[in-house]
Amino acid sequence: MQLVVARIGRAHGIKGEVTVEVRTDEPELRLGPGARLTTDPAANGPLTIETGRVHSGRLLLRFEGVRDRTAAEALRNTLLIADVDPADLPEDPEEFYDHQLIDLDVVLADGTEIGRITEISHLPSQDLFIVERPDGSEVMIPFVEEIVSEIDLEEQRAVVTPPPGLIDDSQAVIVSSRDEEASEPGNDA
(Lines give C-alpha, C1' and ligand atoms only; values in the text may rest on other atoms or scores of the structure.)
Protein backbone atom coordinates (compact mmCIF):
# COMPACT_ATOMS: atom_id res chain seq x y z
CA MET A 1 0.00 0.00 0.00
CA GLN A 2 1.15 3.54 -0.67
CA LEU A 3 1.01 6.45 1.79
CA VAL A 4 1.71 10.12 1.09
CA VAL A 5 4.46 11.03 3.56
CA ALA A 6 5.41 14.56 2.44
CA ARG A 7 4.92 17.33 -0.09
CA ILE A 8 7.93 19.10 -1.53
CA GLY A 9 7.98 22.85 -0.97
CA ARG A 10 10.29 25.50 -2.32
CA ALA A 11 13.99 25.16 -3.02
CA HIS A 12 16.37 26.08 -0.20
CA GLY A 13 19.75 27.49 -1.16
CA ILE A 14 21.61 26.73 -4.38
CA LYS A 15 22.73 23.11 -3.85
CA GLY A 16 19.48 21.24 -4.52
CA GLU A 17 17.86 21.15 -1.06
CA VAL A 18 14.09 21.49 -0.73
CA THR A 19 11.76 22.20 2.15
CA VAL A 20 9.13 19.54 2.78
CA GLU A 21 5.73 19.57 4.40
CA VAL A 22 5.80 16.38 6.46
CA ARG A 23 2.61 14.28 6.34
CA THR A 24 3.72 11.36 8.49
CA ASP A 25 4.09 10.91 12.23
CA GLU A 26 7.21 8.84 11.53
CA PRO A 27 9.48 11.11 9.46
CA GLU A 28 12.65 9.49 10.81
CA LEU A 29 11.42 6.14 9.44
CA ARG A 30 9.91 7.30 6.13
CA LEU A 31 12.15 10.26 5.19
CA GLY A 32 15.63 9.11 6.19
CA PRO A 33 18.70 9.00 3.94
CA GLY A 34 18.48 6.12 1.48
CA ALA A 35 14.65 6.05 1.42
CA ARG A 36 13.38 5.57 -2.14
CA LEU A 37 10.00 7.22 -2.68
CA THR A 38 7.59 7.22 -5.57
CA THR A 39 6.09 10.55 -6.57
CA ASP A 40 2.90 12.21 -7.74
CA PRO A 41 3.30 13.24 -10.50
CA ALA A 42 5.09 10.00 -11.34
CA ALA A 43 7.30 11.71 -13.93
CA ASN A 44 9.20 13.47 -11.11
CA GLY A 45 10.40 10.24 -9.53
CA PRO A 46 11.19 7.94 -8.07
CA LEU A 47 13.39 9.97 -5.71
CA THR A 48 16.01 8.66 -3.29
CA ILE A 49 16.81 10.81 -0.25
CA GLU A 50 20.51 11.62 -0.05
CA THR A 51 20.51 13.86 3.03
CA GLY A 52 18.09 15.40 5.46
CA ARG A 53 18.38 18.04 8.15
CA VAL A 54 16.23 20.36 10.20
CA HIS A 55 16.77 24.10 9.68
CA SER A 56 14.69 26.73 11.52
CA GLY A 57 12.07 24.11 12.38
CA ARG A 58 11.66 22.87 8.79
CA LEU A 59 12.84 19.61 7.33
CA LEU A 60 15.20 20.04 4.39
CA LEU A 61 15.92 17.13 2.03
CA ARG A 62 18.35 16.63 -0.83
CA PHE A 63 17.69 13.92 -3.39
CA GLU A 64 20.20 11.93 -5.41
CA GLY A 65 20.74 13.59 -8.78
CA VAL A 66 19.27 16.95 -7.73
CA ARG A 67 22.27 19.27 -7.55
CA ASP A 68 21.05 22.83 -8.06
CA ARG A 69 18.27 25.23 -7.23
CA THR A 70 16.63 24.92 -10.67
CA ALA A 71 16.30 21.13 -10.38
CA ALA A 72 15.04 21.47 -6.80
CA GLU A 73 12.46 24.11 -7.76
CA ALA A 74 11.16 21.81 -10.55
CA LEU A 75 10.08 19.35 -7.81
CA ARG A 76 7.90 21.88 -6.00
CA ASN A 77 4.45 20.53 -4.97
CA THR A 78 5.46 16.95 -5.74
CA LEU A 79 3.97 14.41 -3.32
CA LEU A 80 6.37 11.85 -1.84
CA ILE A 81 4.83 8.40 -1.46
CA ALA A 82 6.18 5.50 0.62
CA ASP A 83 5.31 1.84 0.15
CA VAL A 84 3.98 0.47 3.44
CA ASP A 85 2.91 -3.04 4.40
CA PRO A 86 -0.84 -2.78 5.21
CA ALA A 87 -0.29 -5.03 8.23
CA ASP A 88 2.18 -2.55 9.75
CA LEU A 89 0.73 -0.33 12.45
CA PRO A 90 2.12 2.87 13.96
CA GLU A 91 4.15 2.35 17.14
CA ASP A 92 1.89 4.67 19.17
CA PRO A 93 -1.55 3.09 19.77
CA GLU A 94 -3.12 6.57 19.59
CA GLU A 95 -1.92 7.07 16.00
CA PHE A 96 -3.55 5.69 12.86
CA TYR A 97 -2.80 5.37 9.18
CA ASP A 98 -5.41 6.80 6.81
CA HIS A 99 -6.25 3.34 5.44
CA GLN A 100 -7.24 2.23 8.96
CA LEU A 101 -9.74 5.10 9.28
CA ILE A 102 -11.31 5.12 5.82
CA ASP A 103 -14.74 3.42 5.85
CA LEU A 104 -15.12 3.54 9.66
CA ASP A 105 -18.68 4.23 10.79
CA VAL A 106 -19.01 7.54 12.64
CA VAL A 107 -21.45 7.49 15.56
CA LEU A 108 -22.37 9.66 18.51
CA ALA A 109 -21.71 8.37 22.04
CA ASP A 110 -25.36 7.18 22.23
CA GLY A 111 -24.90 5.12 19.03
CA THR A 112 -26.69 7.51 16.66
CA GLU A 113 -25.25 7.02 13.17
CA ILE A 114 -23.65 10.06 11.56
CA GLY A 115 -22.13 8.43 8.48
CA ARG A 116 -18.94 6.83 7.13
CA ILE A 117 -15.42 8.27 6.75
CA THR A 118 -14.68 8.54 3.03
CA GLU A 119 -11.58 10.73 3.11
CA ILE A 120 -9.08 12.32 5.46
CA SER A 121 -7.95 15.84 4.70
CA HIS A 122 -4.55 16.78 6.14
CA LEU A 123 -4.49 20.48 6.95
CA PRO A 124 -1.64 22.39 8.61
CA SER A 125 -3.50 22.84 11.90
CA GLN A 126 -5.34 19.50 12.12
CA ASP A 127 -6.72 16.60 10.14
CA LEU A 128 -10.37 16.43 9.08
CA PHE A 129 -12.60 13.42 8.58
CA ILE A 130 -14.77 13.83 5.49
CA VAL A 131 -17.89 11.90 6.48
CA GLU A 132 -20.57 10.85 4.01
CA ARG A 133 -23.98 10.93 5.66
CA PRO A 134 -26.72 8.41 4.83
CA ASP A 135 -28.51 11.04 2.70
CA GLY A 136 -25.38 11.51 0.56
CA SER A 137 -24.37 14.87 2.03
CA GLU A 138 -20.95 15.37 3.62
CA VAL A 139 -19.85 16.75 6.95
CA MET A 140 -16.29 17.60 8.02
CA ILE A 141 -15.26 16.55 11.51
CA PRO A 142 -11.95 17.74 13.00
CA PHE A 143 -9.84 14.77 14.10
CA VAL A 144 -9.05 16.19 17.53
CA GLU A 145 -9.31 14.53 20.93
CA GLU A 146 -12.05 16.93 22.13
CA ILE A 147 -14.38 15.77 19.31
CA VAL A 148 -13.25 12.25 18.34
CA SER A 149 -13.44 10.46 21.68
CA GLU A 150 -12.75 6.92 20.49
CA ILE A 151 -11.43 5.00 17.50
CA ASP A 152 -12.43 1.33 17.72
CA LEU A 153 -10.80 -0.57 14.87
CA GLU A 154 -12.30 -3.89 16.00
CA GLU A 155 -15.83 -2.52 15.85
CA GLN A 156 -14.93 -0.40 12.78
CA ARG A 157 -16.26 2.83 14.28
CA ALA A 158 -15.28 6.31 15.39
CA VAL A 159 -17.21 7.76 18.31
CA VAL A 160 -17.62 11.54 18.23
CA THR A 161 -18.91 14.14 20.68
CA PRO A 162 -19.40 17.16 18.41
CA PRO A 163 -20.10 20.67 19.64
CA PRO A 164 -23.54 22.09 18.79
CA GLY A 165 -23.85 22.90 15.10
CA LEU A 166 -20.99 20.76 13.81
CA ILE A 167 -23.25 17.90 12.70
CA ASP A 168 -26.67 19.58 12.69
CA ASP A 169 -26.87 23.19 11.48
CA SER A 170 -30.17 23.69 13.34
CA GLN A 171 -28.30 23.35 16.65
CA ALA A 172 -25.70 25.97 15.82
CA VAL A 173 -25.20 28.72 18.36
CA ILE A 174 -24.29 32.03 16.75
CA VAL A 175 -22.48 34.46 18.97
CA SER A 176 -21.87 38.01 17.88
CA SER A 177 -19.89 40.64 19.75
CA ARG A 178 -22.55 43.16 18.68
CA ASP A 179 -25.17 41.21 20.66
CA GLU A 180 -23.01 41.43 23.79
CA GLU A 181 -22.41 45.18 23.32
CA ALA A 182 -26.13 45.87 22.88
CA SER A 183 -27.01 44.08 26.11
CA GLU A 184 -24.44 45.93 28.23
CA PRO A 185 -25.81 48.61 30.58
CA GLY A 186 -25.53 52.08 29.17
CA ASN A 187 -25.90 51.03 25.57
CA ASP A 188 -29.16 52.21 24.04
CA ALA A 189 -29.25 50.16 20.92
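The values are calculated or read from the model by the stated rules, or taken from the named source; none is laboratory data. Remember, predicted model here, so these are calculated numbers, not experimental data. For neighbour counting, all protein chains shown are included, and Cβ atoms are generated from backbone atoms with ideal geometry for every residue, glycine included. In case anyone asks, the SASA skips ligands and DNA or RNA and just uses the protein heavy atoms, side chains included. Shrake-Rupley method; radii C 1.70, N 1.55, O 1.52, S 1.80 Å.
Details
- Relative contact order computed over the chain (Cα-Cα under 8 Å; 6+ residues apart), in percent: 15 percent
- For the chain, accessible area per residue (1.4 Å probe, heavy atoms of protein chains only), Å²: 61 Å²
- Every Cα-Cα pair of the range 54-120 was included, and the share exceeding 17 Å stands at 68 percent.
- Stokes-Einstein translational diffusion, the range 1-109 - Kirkwood Rh over all Cα pairs, 1.567 mPa s, 4 °C, in µm²/s: 88 µm²/s
- Peptides 14-20, 117-123 ranked from most to least packed give 14-20, 117-123, packing being the mean of other C-beta atoms within 10 angstrom over each peptide's residues.
- The calculated pair-distance distribution of the chain uses every alpha carbon pair, bins of 5 angstrom beginning at 0, and gives 1, 7, 13, 15, 13, 11, 10, 10, 8, 6, 3, 2, 1, 0, 0 percent.
- Here the range 23-143 exposes an accessible surface that is 48 percent carbon and sulfur, computed with a 1.4 Å probe and the other protein chains kept in place.
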